[in-house]
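Colleague: Supplied in C-alpha cells, the structure appears directly below.
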C-alpha cells in the first residue's frame, strides 16, 4: 500500500488505495489542495471549545440512527470549494443516485454489502455501478458499454467512490474490526446549534461540530503528533434525525501551509430502510452493449497529472541547499529523479532512506537524485531536516510552483526523467515496491 499526504483513497475491503492518516479513514477521500496564509495576516483569536448538550444530543441521535439503519437510498451531491475541477474524481460534477445495503456483522473499511451508485444528468443515469455482494458491473450509457468483474468488485468503482455519502459510511464503520481503537477516531471537542433550515422538504436543526484527530506519521517541530480539526456543519432532519447536508472543513492549527479543503454534501429524497431486493442491485448487462475490460490499477488512481509519461519533462529553475541555481537544462543527458516532499509529510520522510540508498548506488553514473521541498510549513525546515538526518543527495527548495505545473495534488510524488528529457515514470506515494519501481525506471531511462 503506497502512502501519501493529501491524496484520495478508495472505499473497499480489498481494493488498493492510499491511506493518508488513521485506520479509521478507510472511506473515500478527495484531494486536499494546498493553501497558504498570506504574509502579514494577523492571527485570529482562538475560540473556546464548548460542547452544548442540546447540540450534542442532536448529533448523537443522528449517529445512532445511522448505526441502526439496514439500508439507505438518496440523491447525493458533493461540491468542493477552491479545487481545480480537473483534479477531482469523475462523477462529482452532479447528483448521484445511491442505494446502500449495510452490513450487520461488523463494518470494516466498507460497512455496506451491496451498493448502487448512478451518476445522473437531467434525472437519467449516465454511469451505473452495482455490486450485489458477489460481482460488480459498471455501465456507461454514453458509450453503450459495460465492465463486469466477479473478483475485483470495488476496484472497478475506484475514485467514483468519493460520490458516496461519506458521513453515513464513516458512522457505520467498526473501528475495532479495522484493527484500531476508539482513540483513533476523531474526538468531539465542540458542538453548537447554529440555526435551522428546511431541506429535502423537512425542517432541520443545523449543528456545528468540531472534532480532533491525530494524523498518523505526521509530527510538529517538537516531535509531537499533529492534530487536525474537522469542522462539520450538519443539517439534521427533525423527522428522522438523519443529515440532509454536511459541510466539512479540515484544518491543522499552526500549519497554515499544509493542505486543506472544504466540501458540502447534500442528501435529497432520503429513504431510510427502503425496500431492497435482488433487482435493486442487479448486475445484469444491457443487451447490445459492448463489453470492456477492466482498467488497470494505474488507470484508476484518479486525477491525472498535467504531464504524463512519455512527454517532455517541465524545465525548472530552483535553488539548491547551497544557494546554487539548478535547471533541468543543466542536467541534459542525465537521468533525473525528482522527489516532491515536505518535512511534515510522514510518508515522505519514510521514503527518504530509500531515496538515499538509490543515490548512493548510482553515484558516479549519469543519474541525479533531487528532492524537491514542496508545501513546506516553515522557511529553512527542508534544509535543516536534510542536514539533521544526514541525507546527502541533492535537494531543491521552494518547489511549490513546479508541483502546481505538474498538477501534483499529493506527496510524495516521484518523477523519473530519462536521458532524452522525457518523463519515464511518475509514482504517486511510496509503497513496499517503491524503491524497486524507481530503480527500474532509472535503468529504463539510462538505456535511452
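Colleague: Do we have residue 369 as part of a helix (DSSP H, G or I) and surrounded by 16 or more Cβ atoms within 10 Å (Cβ to Cβ) here?
Modeller: Working: part of a helix (DSSP H, G or I): no; surrounded by 16 or more Cβ atoms within 10 Å (Cβ to Cβ): yes.
Taking the combined requirement at face value, the residue does not satisfy it.
Yes/no per residue for (1) buried (at least 17 other Cβ atoms within 10 Å of the Cβ); (2) modelled with pLDDT of 95 or more:
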residue: 205; (1), (2): yes, yes
residue: 213; (1), (2): yes, no
residue: 218; (1), (2): yes, no
residue: 226; (1), (2): yes, no
residue: 239; (1), (2): no, yes
residue: 253; (1), (2): no, no
residue: 278; (1), (2): no, no
residue: 298; (1), (2): no, no
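Colleague: Quick check on my filter: what residues within the stretch 380-406 are over 27 Å from residue 447 (Cβ atoms) and part of a loop (DSSP other than H, G, I, E, B)?
Modeller: Scanning the stretch 380-406 gives 380, 390, 391, 397, 398, 399.
Colleague: Moving to a separate point now. Considering only the stretch 322-350, state which residues are assigned to a loop (DSSP other than H, G, I, E, B) and under 31 Å from the mean Cα position of the chain (by Cα).
Modeller: Within the stretch 322-350, the first condition is being assigned to a loop (DSSP other than H, G, I, E, B), and the residues that meet it are 322-324, 328, 332-334, 342-345.
Of everything in the stretch 322-350, those that are assigned to a loop (DSSP other than H, G, I, E, B) and under 31 Å from the mean Cα position of the chain (by Cα) turn out to be 328, 342, 343, 344, 345.
Colleague: Looking at the structure I just gave you, is residue 164 at pLDDT 90 or above, buried (at least 20 other Cβ atoms within 10 Å of the Cβ) and in the same structural domain as residue 280 (by TED's automatic domain parsing)?
Modeller: Working: at pLDDT 90 or above: yes; buried (at least 20 other Cβ atoms within 10 Å of the Cβ): yes; in the same structural domain as residue 280 (by TED's automatic domain parsing): yes.
Criteria met by residue 164.
Colleague: Can you report the number of residues in the stretch 424-445 which are assigned to a helix (DSSP H, G or I) and either in contact (Cβ under 8 Å) with a residue 40 or more places away in the chain or crowded, with 22+ Cβ neighbours inside 10 Å (or both)? Working first, answer last.
Modeller: Going through the stretch 424-445, the residues assigned to a helix (DSSP H, G or I) turn out to be 434-445.
Filter once more, so that each one left must be either in contact (Cβ under 8 Å) with a residue 40 or more places away in the chain or crowded, with 22+ Cβ neighbours inside 10 Å (or both): 434-435, 438-439, 441-442, 445.
Total meeting the criteria: 7.
Colleague: Mind checking which residues of the stretch 120-177 are closer than 22 Å to residue 290 by Cβ and in a helix (DSSP H, G or I)?
Modeller: The answer is 153, 155, 158, 160.
Colleague: Taking residue 308 as the residue in question, decide whether it is at pLDDT 95 or above and on the phi < 0 side of the Ramachandran plot.
Modeller: Details: at pLDDT 95 or above: no; on the phi < 0 side of the Ramachandran plot: yes.
It is false that residue 308 is at pLDDT 95 or above and on the phi < 0 side of the Ramachandran plot.
Colleague: Filter the stretch 255-266 down to residues that are crowded, with 18+ Cβ neighbours inside 10 Å and part of a strand (DSSP E or B) and give me whichever is modelled with the lowest pLDDT.
Modeller: Of everything passing the filter in the stretch 255-266, 259 is modelled with the lowest pLDDT.
The values are calculated or read from the model by the stated rules, or taken from the named source; none is laboratory data. In this text the structure is predicted, and so the values were computed from the model without any measurement. We place every Cβ from the backbone using ideal geometry, glycine too, and count neighbours over all the protein chains shown.
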